[in-house]
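Peer 1: First the structure, then my questions, so here it is.
The values are calculated or read from the model by the stated rules, or taken from the named source; none is laboratory data. From a predicted model like this one, the values you see are computed outputs, not experimental measurements. Counting neighbours? That spans all protein chains shown, and the Cβs are built from the backbone with ideal geometry, glycine included. Remember, those area values only see protein heavy atoms, side chains included, never the ligands or the DNA or RNA. Shrake-Rupley method; radii C 1.70, N 1.55, O 1.52, S 1.80 Å.
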Amino acid sequence: MNANVREQFPILQQEINGHPLVYLDNAATSQKPRAVIDAVKHYYEWENANVHRGVHTLGSRATDAYEGAREKVARFINARSTEEIIFTRGTTTALNLVASSYARSVCGPGDEIVLTEMEHHSNLIPWQQAAIAVGATLKYIPIQPDGTITLEDVENTVTDRTKVVAIAYVSNVMGVVHPVKEIAEIAHRHGAVIVVDGAQSTPHMKVDVQDLDCDFYALSGHKMCAPTGIGALYGKKALLEGMDPIEFGGEMINDVGLYESNWKELPWKFEGGTPIIGGAVGLGAAIDFLEEIGMDEIEKHESRLATYAMDRLSEIEGISLYGPRKREVGLVTFNLGDVHPHDVATVLDAQGIAIRAGHHCCQPLMRWLKVSSTARASFYLYNTEDEVDQLVSALIQTKEYFGDAT
């Protein structure tokens with residue numbers, strides 16, 4: 001990746017604890033390029049107004065910027081139209097919308113919702129709550145010893161009673177890229193819909209929801225260079241049209257009476273109240289930034305970096321690496337002997353290296369791995385092999401510091 005890319009991220013130019021910042025926590029949130037920061041700043045300085053309401057100039061500018069961002073999201077993931085793009089606070093809100101509106105309306109006692117044990121809590125708890133509410137059954141596709149799932153196991157888990165299959169495109173712990181397109185075909189053959197958690201895939205690879213033939217796809221802006229608090233839900237138009245809103249108020253209505261009301265058309269019936277306008281503007285700018293670099297180039301860069309990281313980390317005696325050795329996305333999860341991941345992260349932070357430590361919002365997966373927590377280094381377009389080397393060197397020093405604990 002061109003060194004000029006890194007220079008476009010102001011936060012990366014600082015020192016932490018006397019060391020140049022090495023930011024390796026991108027699976028939690030990415031950093032923001034100057035283009036996104038400037039776009040949000042420009043909106044608030046020159047275009048700030050509410051959308052879809054005023055006929056004045058600022059209102060028109062804000063509406064154009066907001067709806068222009070929706071067009072960019074639709075193009076970025078190849079949705080059929082902007083009607084299929086609902087702005088949300090992020091992946092969590094998008095998944096809750098599908099679970100609360102769609103799943104609770106189509107599932108009943110004895111029906112099945114199929115997941116994996118490696119799902120992020122955002123793609124687990126909403127389905128638990130939906131199943132409790134309607135009496136549906138949760139089923140789990142088995143995980144193979146290397147952290148992958150097989151299509152044979154998907155075939156054996158999904159049945160004609162299955163109404164929903166919900167799965168992450170990329171695991172935020174194992175770094176596994178699931179065969180979503182093939183899983184969608186199995187789900188559809190049994191009359192089920194597939195809901196894809198795209199939080200860890202959208203920033204790192206080219207996504208085509210039509211090619212995947214997924215029914216719903218959720219994404220977060222903050223993991224793909226956009227501001228926090230903005231994301232989107234893609235849904236096939238026919239499914240969205242049949243769903244009821246779960247938030248009610250201004251702007252999502254068509255006509256309001258004293259005793260009953262009806263809703264606007266798509267996508268606005270799901271966007272009650274004042275939306276996250278500045279965030280949408282930032283998301284649009286982030287998409288422009290990523291497309292200028294090229295998603296194929298980003299994917300290649302991360303794959304090379306992840307492969308290099310796995311090779312280098314494997315050289316450390318006593319380290320445990322989780323998930324398959326071959327990596328397509330820039331994410332490695334590990335434990336350093338018996339040293340608690342929080343201690344590892346603390347020592348690394350003293351050297352300016354930011355990683356994630358904990359259960360990564362995947363407690364069932366931690367139990368499957370038979371650990372309480374892990375450390376995770378996750379890379380993005382601005383990270384380098386030199387930073388991987390710094391991580392490895394710091395881990396070796398950490399191992400020496402804790403001595404027998406490793």
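Peer 1: Give the calculated FRET efficiency between Glu241 and Leu12 to the nearest 0.05, with a Förster radius of 45 Å applied to their Cβ-Cβ distance.
Peer 2: The calculated FRET efficiency here is 0.55.
Peer 1: Through the Karplus equation 6.51 cos²θ - 1.76 cosθ + 1.60, θ set to phi - 60°, convert the phi angles of the stretch 94-109 into ³J(HN,Hα) values in whole Hz; use x for Gly and Pro.
Peer 2: Those phi angles translate into 4, 5, 5, 4, 5, 5, 7, 8, 6, 4, 5, 8, 9, 9, x, x Hz.
Peer 1: With +1 on each Lys and Arg Cβ and -1 on each Asp and Glu Cβ, and nothing else charged, work out how big the dipole of the stretch 274-369 is about its Cα centre, in Debye to the nearest 20.
Peer 2: Working: 8 positive and 14 negative charges, 77 e Å.
So the dipole magnitude of the stretch 274-369 works out to roughly 360 debye.
Peer 1: Let me ask something else. Give the peptides 90-103, 149-162 in descending order of average Cβ contacts within 10 Å, highest first.
Peer 2: So the peptides 90-103, 149-162, ranked by packing, come out 90-103, 149-162.
Peer 1: Per residue of the stretch 81-90, what does 6.51 cos²θ - 1.76 cosθ + 1.60 with θ = phi - 60° give for ³J(HN,Hα)? Whole Hz please, x for Gly and Pro, Karplus curve as stated.
Peer 2: Residue by residue, the stretch 81-90 yields 7, 5, 4, 8, 10, 9, 6, 9, 6, x Hz.
Peer 1: For Asp338 and Thr384, calculate 0.36 nm times their separation in residues minus their Cα-Cα distance, and state this gained length in nm to one decimal. Spell out each step's value before the answer.
Peer 2: Numbers: separation 46, 0.36 × 46 = 16.56 nm, distance 2.82 nm.
Residue separation times 0.36 nm, minus the Cα-Cα distance, leaves 13.7 nm.
Peer 1: Just subtract the alpha-carbon distance of Glu155 and Ala354 from 0.36 nm times their residue separation and send over the number in nm, one decimal.
Peer 2: On the way: separation 199, 0.36 × 199 = 71.64 nm, distance 4.01 nm.
The Glu155-Ala354 span can extend by a further 67.6 nm.
Peer 1: Evaluate the distance, in nm, between pseudo-label points positioned 7 Å from the Cα of Glu251 and of Arg75 along their respective Cα→Cβ axes.
Peer 2: 2.3 nm
Peer 1: Another question, then. Measure off, as a whole percent, the carbon and sulfur share of the 1.4 Å-probe accessible area of the stretch 10-118, all protein chains present.
Peer 2: Within the stretch 10-118, the accessible surface is 51 percent carbon and sulfur.
Peer 1: While we're looking at this one, here's another question. Rounded to the nearest 0.05, what FRET efficiency is calculated for Asp146 and Tyr44 with R0 set to 41 Å and r the Cβ-Cβ distance?
Peer 2: Calculated value: 0.30.
Peer 1: For the stretch 234-297, with all protein chains present and a 1.4 Å probe, just round the carbon and sulfur fraction of the accessible area to a whole percent. Write out the running numbers ahead of the final one.
Peer 2: On the way: 1540 of 3190 Å².
C and S atoms contribute 48 percent here.
Peer 1: While we're here: For the chain, what does the relative contact order come out to in percent, with C-alpha contacts under 8 Å and a separation of six or more?
Peer 2: In percent, rounded to a whole number, it is 22.
Peer 1: Label the stretch 102-169 by shape, choosing from rounded, prolate and oblate, from the square roots a ≥ b ≥ c of the eigenvalues of the Cα gyration tensor; if a/c is under 1.5 it is rounded, and otherwise prolate applies when a/b is larger than b/c, oblate when it is not.
Peer 2: oblate
Peer 1: Rolling a 1.4 angstrom probe over the protein heavy atoms, how many square angstrom per residue are accessible across the chain?
Peer 2: 41 Å²
Peer 1: Cross-link partners among lysines for Lys269, C-alpha distance below 17 Å, same-chain residues fewer than 8 apart left out?
Peer 2: Once the sequence-local lysines are set aside, what remains near Lys269 is Lys236, Lys237.
Peer 1: If you count the DSSP beta bridges with both ends in the chain, what percent of them are antiparallel, to the nearest 5?
Peer 2: 60 percent
Peer 1: Would you list which lysines come within 23 Å of Lys41, measuring only between C-alpha atoms, while excluding same-chain residues fewer than 8 positions from it?
Peer 2: Lys32, Lys72, Lys223
Peer 1: Here's a follow-up. Can you list residues whose amide H is under 5 Å from Asp111's amide H, if they're 5+ apart or on another chain and H is modeled 1.01 Å from N?
Peer 2: For Asp111, the qualifying residues are Thr137.
Peer 1: Then there is this: Amide H to amide H under 5 Å from Val165: which residues, 5+ apart in sequence or cross-chain, H placed 1.01 Å off N in plane?
Peer 2: Residues meeting the criterion, in which the H sits 1.01 Å from N, are Val114, Val193, Ile194, Val195.
Peer 1: Let me ask something else. I'd like the orientation of helix 295-313 relative to the chain: the angle between its Cα long axis and the longest Cα principal axis, in ° from 0 to 90, rounded to 10.
Peer 2: Compared with the principal axis, the helix lies near 30 degrees.
Peer 1: Here's another thing I want to ask about it. Please give the calculated 222 nm ellipticity per residue for the chain, where each DSSP H segment of at least 4 residues contributes -39500 (n - 2.57) and the sum is spread over every residue; nearest 500 deg cm²/dmol? Please list the in-between numbers first.
Peer 2: On the way: 14 runs with 148 residues, N = 406.
The per-residue figure over the chain is -11000 deg cm²/dmol.
Peer 1: Between 0 and 90 degrees, rounded to the nearest ten: what's the tilt of helix 385-402 against the longest Cα principal axis of the chain?
Peer 2: Once rounded, one gets 60 degrees.
Peer 1: Dipole magnitude of the chain about its Cα centre, charges +1 at Lys/Arg Cβ and -1 at Asp/Glu Cβ only, in debye to the nearest 20? Walk me through the intermediate numbers first.
Peer 2: Details: 34 positive and 55 negative charges, 99 e Å.
Its charge dipole is roughly 480 debye.
Peer 1: Then there's this: Treating the angle as unsigned and between 0 and 90°, give the value, to the nearest 10°, between the Cα long axis of helix 57-77 and the longest Cα principal axis of the chain.
Peer 2: 60 degrees
Peer 1: Quick one: Karplus J couplings for the stretch 353-369, per residue in order, coefficients 6.51, -1.76, 1.60, θ = phi - 60°, nearest Hz, x for Gly and Pro?
Peer 2: Working through the residues one at a time gives 9, 9, 10, 9, 9, x, 9, 6, 6, 9, 5, x, 5, 4, 5, 5, 6 Hz.
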